[in-house]
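The values are calculated or read from the model by the stated rules, or taken from the named source; none is laboratory data. Quick caveat: nothing in here was measured; it's all calculated off a predicted structure. Methodologically, a virtual Cβ is constructed for each residue, glycine included, from the backbone with ideal geometry; neighbour enumeration extends over all protein chains shown. For the accessible areas, the whole protein counts, side chains as well, though only heavy atoms, and no ligand, DNA or RNA atoms are used. Shrake-Rupley method; radii C 1.70, N 1.55, O 1.52, S 1.80 Å.
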Amino acid sequence: MDCVFCKIANGEIPSTKVYEDDKITAFNDLNPQAPVHILIIPKDHISCINDINSENSDVIAHIFEKIPQIAKYAGLENGYRIISNCGKDAGQTVFHLHFHLLGGKILGEGLV
Ligand code: 5GP
Ligand code: ZN
């Protein structure tokens, strides 16, 4: 499968990793939209939230258990925002499930 985030997860494409373990990896977004913009992904390919199921949902829990640690490491003591785009209407461009961790400034009140 020709998936850019699978390639980042297995090291075929370089990235600036900020966290990694056997199940997930977190790396800086190539086009940051905030002073801190980290993408957190499961290493195994899941296309988007629609494809989370009882077989693979443990990795989602794992991601959310690690987010506070990644945010703290990134200096986001005052808060952060998590976004996951699912599908083309949401603007998803990479169809490997990822969570945007955004912060480092006061983010706007609006979500969209
Ligand atoms: P989406 O629009 O699918 O929610 O977000 C995809 C994100 O992946 C975008 O913010 C984009 O900048 C980022 N991105 C796309 N290709 C690469 C890449 O090769 N490396 C990194 N680090 N980020 C990427
Ligand atoms: Zn993938």
Residue in the stretch 35-56 that is touching a Lys or Arg at 6+ places or on another chain (Cβ under 8 Å), farther than 21 Å from K88 by Cα and away from ligand 2 (no atom under 16 Å from the Cβ) present: yes
Among residues of the stretch 1-42, those that are among the aliphatic types (A, V, I, L, M) and open to solvent by 30 Å² or more (accessible area, probe 1.4 Å), counted: 5
Qualifying residues in the stretch 73-105 (those that are of a type in the set (G, A, S) and within 9 Å of ligand 1 (Cβ to nearest atom)) - the one nearest to P42 (Cα to Cα): S84
Residue count, the stretch 1-16 (criterion: closer than 22 Å to D58 by Cα and either modelled with pLDDT under 95 or more than 10 Å from ligand 2 (Cβ to nearest atom) (or both)): 0
Top-ranked residue in the stretch 43-93 [being of a type in the set (V, I, T) and open to solvent by 30 Å² or more (accessible area, probe 1.4 Å); ranked as farthest from D29 (Cα to Cα)]: I52
